[in-house]
1. Quick one: what pairs do we get from segment 16-37, first residue in contact (Cβ under 8 Å) with a residue 24 or more places away in the chain, second among the aliphatic types (A, V, I, L, M) and in a loop (DSSP other than H, G, I, E, B), C-beta under 9 Å, 6+ apart or different chains?
2. Within segment 2-26, restricting attention to residues that are buried (at least 17 other Cβ atoms within 10 Å of the Cβ) and among the hydrophobic types (A, V, I, L, M, F, W, C), which residue is modelled with the lowest pLDDT?
3. With the requirement that a residue be within 15 Å of His63 (Cβ to Cβ) and in a loop (DSSP other than H, G, I, E, B), what does segment 1-52 give you?
4. For segment 27-56, what are the residues that are surrounded by 11 or more Cβ atoms within 10 Å (Cβ to Cβ) and not hydrophobic (A, V, I, L, M, F, W, C)?
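The values are calculated or read from the model by the stated rules, or taken from the named source; none is laboratory data. Just so we're clear, the structure is a prediction, and the values are computed from it rather than from any experiment. Every residue, glycine among them, receives a Cβ derived from its backbone with ideal geometry; neighbour counts consider all protein chains shown.
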Amino acid sequence: MTNSLDKFILAIITTDETKAAGGTAIFICKTQEEMHFFAKNLEAILDGIAHGIGDDLYIVVKH
């Protein structure tokens, strides 16, 4: 039997750098529009799902 991670965070996208810390890729954006752009594109590139966590934070998760 092998252990594998089925669900994990691929990236964090935020406009507030105090809301994210190490462990995965973090993208700091200047505007909410830029944050939405990054979330949408990283979702497709990383084959994950982007979830909005409040007004200033997205996470891209592999399910």
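1. Taking only residues 6 or more apart or on different chains, the pairs are Lys19/Ile53.
2. Once the filter is applied, the top-ranked residue is Ala20.
3. Ser4, Leu5, Asp6, Lys7, Asp47, Gly48
4. Listed by number, the residues that qualify are Gln32, Glu34, His36, Lys40, Asn41, Glu43, Gly48, His51, Gly52, Asp56.
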